[in-house]
C-alpha cells in the first residue's frame, strides 16, 4: 500500500480531569520545523516577499473573542515608541477593524499595525514580540491568540452523544486559510526551507503547548515526546518532498 503524501502520525490519550480526548500531531511536533522569520521566510503574499519581512503578518490577526481583544488592547497601551513603529497611529485610530463581521487587527501600509517594518530603527518584526523579549516575559502574554499559537492549531470536536470533546493539536496548514491560502506563494509548514531547526519543533513550542493544554496533559505529552525524540515513524511531508 502506498502511504499518502500528506500522512501524519498521531498520539492520543484521555484527559483524566475532564471529558476530553487529546490528539497530538507527532509528525509535526517531532519534525525539525522552526520559525525562519527574517531568515528566508517568503511571507504569505502571492509572490516571494522575503525582502519585505512580513512573515505571516500581512493580513492582520483574527481575534478569538472578547477576552483576546481586551488583553491585546491592554498590552498595546504598554508598548513604547521604541518598540512599536505605528504607536501613534494605533493610539489615534485604534488597533482593530471589522471584516465580514469579525474583529481583526488594523492594517497600516498593507500589513498588521503591530508589524514593525525593515526601516524601523528597532528592526522588523512584531512589536509585541520585541516587547516580550525586552521584558523577559512569554510572548503569548501579549500577542493575539492566533499569533502566539501559530504554527500550532487546536480544533475541538464535541461528540453530542457522549459529551466528550476531542481536542486535536496539529500544524496550521495552507488549507486552513480557506480560499485565501490558495494564493499564498509560500507557507512554512509545507515548505522544506522551514524544517531546519537544531531541535525538534516541540522543544521550541513548549510554552505554546503548555498554554493550549493543562499541566498534567502537557507533562504527559512532554514525557512521551522525550521518549520518541530522535525517532519518527513517519517523516514530515515537507521533508519527504526533498
In segment 192-202, anything assigned to a loop (DSSP other than H, G, I, E, B) and surrounded by 18 or more Cβ atoms within 10 Å (Cβ to Cβ) is listed as 195, 200
Going residue by residue through segment 15-26, is there one that turns out to be modelled with pLDDT of 95 or more, assigned to a helix (DSSP H, G or I) and closer than 26 Å to residue 217 by Cβ? yes
For segment 166-191, which positions are assigned to a helix (DSSP H, G or I) and modelled with pLDDT of 95 or more? 188, 189
Looking at (1) assigned by TED's automatic domain parsing to the domain that holds residue 127; (2) in contact (Cβ under 8 Å) with a residue 24 or more places away in the chain; (3) not in a loop (DSSP other than H, G, I, E, B), which is the only condition residue 67 fails? (2)
What do you reckon, is residue 162 outside the structural domain of residue 79 (by TED's automatic domain parsing), part of a strand (DSSP E or B), in contact (Cβ under 8 Å) with a residue 40 or more places away in the chain and more than 13 Å from residue 29 (Cβ to Cβ)? no
In segment 206-220, which residue that is within 19 Å of the chain's Cα centre (by Cα) and part of a helix (DSSP H, G or I) is surrounded by the most Cβ atoms within 10 Å (Cβ to Cβ)? 209
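The values are calculated or read from the model by the stated rules, or taken from the named source; none is laboratory data. Being a predicted model, the structure only gives us computed values, none of them experimental. Quick reminder, even Gly has a Cβ in these numbers, built from the backbone with ideal geometry, and neighbours come from all protein chains shown.
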